[in-house]
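This report refers to the structure that appears directly beneath it.
What follows draws every value from the coordinates through simple rules; no lab data is involved. These numbers come from a predicted model, not from an experiment. All Cβ positions, even for glycine, are placed from backbone atoms using ideal geometry, and neighbour counts span all protein chains on display.
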Amino acid sequence: MLKYGYSIFFIALLIFFIHMSKLQLFICLLLMVYCTGCSRYYYKPNGANAPLLTDAKQLHLAGSVERGGDGPMVDAQAAWSPVKHLGIIADLSTFRHSEDSPDVPSGKVSASASMAEAGAGYYYAADYYNKQGGKLSLVFDVYGGPGIGRLKSDINTGFTRLFVQPGLGVRTKFAEVSFNWRISDIHYFRFDANGHDDNYLRQQNLITGTGRRIDHGSYVFSEPSVTLRAGYKLVKLQVQFVWANSWSNVPWNYNNSMVNIGLAFKTEEWKELFHKKVKH
């Protein structure tokens with residue numbers, strides 16, 4: 001009975017993307033392109049680490065790039081399972097934007113940012129097989145951990161991020177899809193106004209009317225994401241959509257979406273191919 005339930009899940013997922021592709025997905029992509037046009041903001045979501053681990057000793061790697069109108073963001077991700085049901089993840093994200101003719105009042109400023117984070121969590125995978133021997137894995141996981149980074153723009157500041165990220169995904173030989181929901185708590189520290197006075201900071205809402213500066217509190221963001229992978233089992237093309245919505249009172253500018261493209265690798269599938277060649 002369960003295998004029919006997962007067949008229904010796949011059909012419903014396909015119908016969802018068909019309907020999304022007609023209008024909503026097109027509008028969503030337009031909004032993403034539009035929203036990445038502003039070069040001055042003080043937070044942007046990075047790619048979600050959605051490894052879809054299913055067993056012990058697996059090592060999954062992914063690299064992706066977002067090339068928006070405000071400069072490239074590069075994400076490098078790794079996930080490893082030392083024992084079954086335990087996953088360890090690590091990310092490194094960098095962003096850089098250069099302005100040949102900076103104009104601070106209009107938002108045209110050079111900017112760079114980087115962040116490293118690590119986490120651990122639990123995963124559970126249920127495998128199902130069809131009559132032809134095809135395998136489908138339904139994966140539930142949840143990860144959490146800390147991150148630290150640095151932003152250099154019209155102001156300079158460090159920041160930390162604590163996150164928890166549950167997810168649900170499906171793995172097959174040629175395709176994968178993962179839905180994740182990251183909840184991030186951001187805190188800024190070592191704030192440097194970079195020569196700007198308080199009037200400028202108020203104009204950018206980095207100081208509120210009550211005198212609260214950006215580094216005098218924390219900010220919670222809800223960040224759902226969809227990760228799609230397709231290709232042969234050794235390497236897959238990856239496309240990822242991430243959205244960010246503030247659950248706190250955030251007066252300053254932040255980027256609320258990103259889309260990246262890259263490659264994903266699973267070392268257990270390379271090992272499987274190597275062992276087959278050795279036997280032959």
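Between residue 110 and residue 130, what's the calculated FRET efficiency when r is the beta-carbon distance and R0 is 51 Å? Round to 0.05. Intermediate results must be reported in sequence, preceding the final value.
On the way: r = 54 Å, r/R0 = 1.06.
Once rounded, the FRET efficiency stands at 0.40.
Among 193, 245, 216, pick out the residue whose Cα is farthest towards the positive end of the charge dipole of segment 193-253, where Lys and Arg carry +1 and Asp and Glu carry -1 on C-beta, about the Cα centre.
245
Once segment 59-104 is represented by equal point scatterers at the alpha-carbon sites, with solvent omitted, what log10 I(q)/I(0) does the Debye formula produce at q = 0.19 Å⁻¹?
-0.68
What full-extension length gain, to one decimal in nm, is calculated for residue 175 and residue 187 as 0.36 nm per residue of separation minus the Cα-Cα distance?
Here the answer is 0.6 nm.
Let's see if you can work this out: charge +1 on each Lys and Arg Cβ, -1 on each Asp and Glu Cβ, no other charges. What is the dipole magnitude of segment 36-279 about its Cα centre, in debye to the nearest 20? Walk me through the intermediate numbers first.
Numbers: 27 positive and 22 negative charges, 223 e Å.
The calculated dipole for segment 36-279 is roughly 1080 debye.
Expressed in nm to one decimal, what extension gain is obtained for the pair residue 205 and residue 122 from 0.36 nm per residue of sequence separation less their Cα-Cα distance?
26.0 nm
What distance in nm separates the simple spin-label points at residue 84 and residue 267, each placed 7 Å from Cα in the Cβ direction?
2.0 nm
Please work out, to two decimal places, the log10 of the ratio I(q)/I(0) at q = 0.08, 0.09 Å⁻¹ from a Debye calculation in which every Cα of segment 36-279 carries one identical scatterer.
-0.35, -0.44
Between residue 232 and residue 247, 0.36 nm times their residue separation minus their Cα-Cα distance comes to what?
Contour length minus Cα-Cα distance gives 1.5 nm.
Taking the alpha carbon gyration tensor of segment 145-229, what are the square roots of 5 times its eigenvalues, largest first, to the nearest whole Å?
Value: 36, 13, 11 Å, ordered largest first.
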